[in-house]
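Everything below concerns the one structure shown next.
The values are calculated or read from the model by the stated rules, or taken from the named source; none is laboratory data. Keep in mind that this is a model prediction, so the values were computed, not measured. Glycine also receives a Cβ, built like all others from the backbone with ideal geometry; neighbour counts cover every protein chain displayed. For accessibility, only protein heavy atoms count, side chains too; no ligands or nucleic acids. Shrake-Rupley method; radii C 1.70, N 1.55, O 1.52, S 1.80 Å.
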Amino acid sequence: MDKENLLIPKHIAIIMDGNGRWAKKRGKIRLEGHRAGANSLEKILRYAGEIGIKYLTVYAFSTENWKRPQKEVSGLMDLFGKYLDKEKKNLREQGVKLVVTGEKENISEKLLKKIEATEKYLENCDKITFNIAFNYGGRREIVNAVNKILIDNKTKKFEKITEEEFSKYMYRPEIPDPELVIRTSGEFRISNFLLWEIAYSEFYITDVFWPDFDENELDKAILSFNKRDRRYGGLNVK
């Protein structure tokens, strides 16, 4: 892809879907699909940093995913811990700052400590911020923001809340809203992902399962983004 004349989104968010179907198609267990998906993520993160993307947010585990079979959930938790162990040195070499966004409830103390240690290890990296939405739900994030405002209102006594003020109470106010949201595996739904932040994001849907999503597929998404006319509710008068 000739990137010199292309607008590279500053922030891309990805709903990594299709791991289970990828595995089923190959006669493998679902966890094998998740492992293959983790390999794809390593490639995409590295490539994102190389082409100048500054923020990459991925939907790794939702608050609703606890409803899945216990064996799969346990396997995902173990996979995430092993990913952090295996990749943290590579991430620092790539200049990746890691943040993990979501709720802490139901996550083991061992994994929480590993997450916090890895974030600390990478906190001074500044080439790209890698935001993993883990035990995350968009509605939960908004409700939490409202509850924080209610607590602060006891002392601040807000007369009204603006969108800008509300945004300060979200999980990651320091991260700009995504310009492009990618969903793999052909599903046309948001699945409770970044409900506040994606109000004006462009969407790119592909039938490709996440384990098969590679650098070439990301190029296709960016090319599609460059063909969009982004008006934010207004009109472009030429």
For Lys114, only one of the following conditions fails: (1) closer than 18 Å to Asn135 by Cβ; (2) among the charged types (D, E, K, R); (3) under 17 Å from the mean Cα position of the chain (by Cα). What is its number? (3)
First in segment 124-135 and within 17 Å of Lys89 (Cβ to Cβ), second anywhere and open to solvent by less than 10 Å² (accessible area, probe 1.4 Å) and of a type in the set (Asp, Glu), Cβ under 7 Å, 6 or more apart: none
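Collect the residues in segment 65-93 that are in a loop (DSSP other than H, G, I, E, B) and within 17 Å of the chain's Cα centre (by Cα), keeping them in residue-number order.
To start, the set of residues in segment 65-93 that are in a loop (DSSP other than H, G, I, E, B) comprises 68-69.
Scanning segment 65-93 gives no hits.
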Return the pairs, sorted by first residue and then second, in which the second residue is open to solvent by 30 Å² or more (accessible area, probe 1.4 Å) and acidic (Asp, Glu), the first residue lies in segment 86-99 and is at pLDDT 95 or above, the beta carbons are less than 6 Å apart, and the residues are 6+ apart or on different chains. Leu98/Glu119
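From Ile198, Ile175, which residue is in contact with a Phe, Trp or Tyr (Cβ under 8 Å, 6 or more places away or on another chain), open to solvent by less than 50 Å² (accessible area, probe 1.4 Å), among the aliphatic types (A, V, I, L, M) and at negative phi?
Working: Ile198 fails: in contact with a Phe, Trp or Tyr (Cβ under 8 Å, 6 or more places away or on another chain).
Testing whether each residue is in contact with a Phe, Trp or Tyr (Cβ under 8 Å, 6 or more places away or on another chain), open to solvent by less than 50 Å² (accessible area, probe 1.4 Å), among the aliphatic types (A, V, I, L, M) and at negative phi leaves just Ile175.
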Among (1) modelled with pLDDT of 95 or more; (2) open to solvent by 30 Å² or more (accessible area, probe 1.4 Å); (3) of a type outside the set (Phe, Trp, Tyr) - the single one Arg231 does not satisfy: (1)
Taking into account only those residues within segment 94-127 that are touching a Cys at 6+ places or on another chain (Cβ under 6 Å) and either in a loop (DSSP other than H, G, I, E, B) or open to solvent by 60 Å² or more (accessible area, probe 1.4 Å) (or both), which is nearest to Thr57 (Cα to Cα)? Lys97
